[in-house]
Amino acid sequence: MVARTLSGARAEILAQIQAATAEDRGDRPTRLDSGPESQSSDAIGDPGLFATRCADYGTPVLQASRDEISALVSTRFALRGARRIVVPADLPAPWRPPGVEVIADEPPLTHAELASVDGALSGCALAIAATGTIVLDGGQRQGRRALSLLPDVLVCVLRAGQIVPDLADAISRLAPASRPLTLISGPSATSDIELQRVEGVHGPRVLDLILVD
Amino acid sequence: MSSFPDAARTSLDDAQMRANVRRATTAIRARRGAAVAELPDWEELRDAGAQIRAEALLNLDRHLERLETAVAAAGGSVHWARDAEEANALIARLVREAGSREVIKVKSMTTDEIGLNEALAAQGITAHETDLAEMIVQLAGDRPSHILVPAIHQNREQIRTLFAERFGEPALESDPGALTAAARSHLRERFLSVGVGVSGANFAVAETGTVCVVESEGNGRMCTTLPETLITVMGIEKVLPRFADLAVMLALLPRSATGERMNPYTSLWSGVTPGDGPQRFHLVLLDNGRTDTLADPGGRDALRCIRCSACLNVCPVYERTGGHAYGSIYPGPIGAILAPQLAGLDAHTSLPWASSLCGACYEVCPVKIDIPSVLVHLRARVISERGAPPGERLAMAALARIFASRRRYEAAQRSARLAGRLAARNDVIERRLPGPLGQWLRFRDLPAPPEQSFREWWRAR
């Protein structure tokens, strides 16, 4: 719905912009679309670089084969004292960790319920090697945004094939982004107090990444 | 409002603030330098950023219309506000319609600019700041002093005292970890219960209707994901034409702002998504002086700003005076060119002179705003629109007469030389003199004039 409550405002603002820039914009056409050079890139990112960048944030990247995933996930949650975890409804069965209570987000938990679980397990859409970033887009194996936000421990499983070299590659792969995107690079942090960095403000205080070849 | 020189004189006396700001800006400068040095194509990136922003401004109307269409198609509502009053009235109405008397806010300078919190309070709506620094500033009844680190003028002891009192935790320790943990628990309650979130936007993409929020703490994700209703307030200049443009801007912003390769959390969304996040989304497009700024070709580049604060961190003036001296939500070099244009020259007459024109800001600006040139342009506008101070006008008129005649020029030169030699000690004019020249000499030394001018010597040889 395009609000017309203050339609006078809209018309006036647009008219003022046109008057302000008419002389200077000339006849040069403006490129409105992302263009061919930014079409989805096939480039593959270096898992080694990704792990190094994540290490810079203090985020461990643990290697695992397909069969080892659920055991490793279980270990990580146990390490953090997480006994009840939430998972997206389409979490692959081989990822399900033993030894913890696994709650599927279907039907969706309330925010209070999400805040009371100890951790969350999720996949991701892709990862960026150059900046040590994981990108969640609410697609396969990820669930809604609140899952990776409220619980205190987040374990994320990604394949090496999901890693792209840099941000530009990621943006071109993710366009046109019809679902919300969350780019996560390390734990939340603040330097607001005397510029001293403190990690774990809001959002998960622990982020563990499991890299599957 | 006091002029910048007066305000600066006061803040220069605040040793605590100066120490805090100096420490902060020195540290951030070093981090930015390291982060930028990592990228061999940093200058090309700056060029690309400048081009994207400049082009967005020149075709702003077309991009805003596309943005509006895309957001509406994604299930959001778009509203336009000519000024602060309109925006505040609109937002208050939207909050009431959502059935709430409180909102949780992500840090947004745009909402500070329009005085949203005060306007909402006047309507019986409480706005809870959730950024750690903004919360500190709000609890202390203070004003922000830096774009990125608004509470940098406060130290841990001051903050400990504040939290201990406001959160009822007298035993609270003063280390930043403990203070942050206290803030986390205090705010978690709010995130889970308040039904309306208010945010700003770092960018909005016209092509796809995508709004982008860049942050470190996670409160942005909380406020833009958990409430049922989300209101995003955005200056019209923040629009980017294409989704691909995000690749350039998100590469420039974290390195320029905090010296990181990438900030912890970046959120991107278009409209609403069933089953995920707010089910009502309102985008408020704010003018509030931006179209006026756009209309001045010599000043409009200020609108390219992506609010990284790199210019603040490198500015020798800002480092010494801190942000409050600028008397504006936007301090530092960018504030000196943006505030007078947004609020009108009359509101900030002295700000274009709050600079030594060293140009360090221009060198670090990720979108290559030529701040010194805009400062000089605004100085000329102030003088031509308001007139120069009477003494200066008389002096300029007298000089014009003198320079127009060689005879008068040489006569004036001789008497000035005589006066100068009288005022000099050890070949330097250091002493205080009356009048405008005296003011100029307060911080500068002049070498004593020689006994003969070059032409006199030439004629006599």
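The values are calculated or read from the model by the stated rules, or taken from the named source; none is laboratory data. If you're wondering where the values come from, they're calculated on a predicted model, not measured in any experiment. Neighbour counts run over all protein chains shown; Cβ positions are idealised from the backbone, glycine included. The protein model used for the area step is the full one, side chains on, heavy atoms only, and it has no ligands, DNA or RNA in it. Shrake-Rupley method; radii C 1.70, N 1.55, O 1.52, S 1.80 Å.
Against the numbered list (1) within 10 Å of chain A (Cβ to nearest Cβ); (2) open to solvent by less than 10 Å² (accessible area, probe 1.4 Å), B:VAL248 comes up short only at (2).
Taking region B:251-272 as the range and being at the interface with another protein chain (Cβ under 8 Å from one of its Cβ atoms) and touching a residue at least 40 places away in the same chain (Cβ under 8 Å) as the test, the residues that pass are B:ALA251, B:THR258, B:GLU260, B:ARG261, B:ASN263, B:PRO264, B:TYR265, B:THR266, B:SER267, B:LEU268, B:TRP269, B:SER270. If you go through region A:1-39 and pick out every residue that is surrounded by fewer than 18 Cβ atoms within 10 Å (Cβ to Cβ), modelled with pLDDT of 60 or more and either in contact with a His (Cβ under 9 Å, 6 or more places away or on another chain) or under 30 Å from B:GLN279 (Cα atoms) (or both), you end up with 7. Here the condition is being surrounded by fewer than 17 Cβ atoms within 10 Å (Cβ to Cβ) and either under 18 Å from the mean Cα position of the chain (by Cα) or farther than 20 Å from B:PRO333 by Cα (or both); of B:ALA35, B:ALA48, B:ALA15, B:ALA8, it holds for B:ALA15 alone. Among the residues of region B:112-127, those that are over 13 Å from B:ALA84 (Cβ atoms) and open to solvent by less than 40 Å² (accessible area, probe 1.4 Å) comprise B:GLY124, B:ILE125, B:ALA127. Here B:GLU207, B:GLU228, B:GLU237 are screened, and the one residue that is more than 21 Å from the chain's Cα centre (by Cα) and more than 7 Å from chain A (Cβ to nearest Cβ) is B:GLU228.
When the helices (runs of 4 or more DSSP H) confined to region B:335-410 are screened for residues that are over 30 Å from B:CYS305 (Cα atoms) and small (Gly, Ala, Ser), those reaching at least 1 such residues are found at B:390-403. Checked against (1) under 30 Å from B:CYS308 (Cα atoms); (2) open to solvent by 60 Å² or more (accessible area, probe 1.4 Å), B:PRO447 passes all but a single condition, namely (1). Scanning region B:90-131 for residues that are without any contact (Cβ under 8 Å) to a residue 12 or more places away in the chain and within 14 Å of chain A (Cβ to nearest Cβ), we see that the one that is nearest to B:PRO150 (Cα to Cα) is B:ARG93. Of B:ARG255, B:ARG221, all but one fail to be at pLDDT 95 or above, surrounded by 24 or more Cβ atoms within 10 Å (Cβ to Cβ) and under 26 Å from A:THR110 (Cβ atoms); the exception is B:ARG221. Restricting attention to region A:50-72 and to residues that are within 14 Å of chain B (Cβ to nearest Cβ) and charged (D, E, K, R), the residue that is farthest from A:LEU126 (Cα to Cα) turns out to be A:ASP56.
Within region B:165-204, being at the interface with chain A (Cβ under 10 Å from one of its Cβ atoms), open to solvent by 40 Å² or more (accessible area, probe 1.4 Å) and in a loop (DSSP other than H, G, I, E, B) holds for one residue alone: B:ASP175. Scanning region B:318-357 for residues that are surrounded by fewer than 22 Cβ atoms within 10 Å (Cβ to Cβ), in contact (Cβ under 8 Å) with a residue 40 or more places away in the chain and more than 19 Å from B:GLY115 (Cβ to Cβ) yields B:GLU319, B:ARG320, B:LEU345, B:THR349, B:SER350, B:TRP353, B:SER356. Selection of region B:273-282 for residues being more than 30 Å from A:SER191 (Cβ to Cβ) and more than 7 Å from chain A (Cβ to nearest Cβ) yields B:PRO274, B:GLN279, B:ARG280, B:PHE281, B:HIS282. The residues listed here are B:ARG432, B:ARG393; of these, the one that is at pLDDT below 90, surrounded by 11 or more Cβ atoms within 10 Å (Cβ to Cβ) and more than 30 Å from B:ARG31 (Cβ to Cβ) is B:ARG393. Within region B:62-111, the set of residues being of a type in the set (Asp, Glu) and either outside any helix (DSSP H, G or I) or crowded, with 22+ Cβ neighbours inside 10 Å (or both) comprises B:GLU68, B:ASP83, B:GLU102. Contact map, region B:50-73: first residue facing chain A (nearest Cβ under 7 Å), second residue open to solvent by 10 Å² or more (accessible area, probe 1.4 Å) and of a type in the set (Ser, Thr, Tyr), Cβ cut-off under 8 Å, separation 6 or more or different chains; pairs are B:GLU55/A:THR30; B:LEU58/A:THR30; B:ASN59/A:THR30; B:ARG62/A:THR30.
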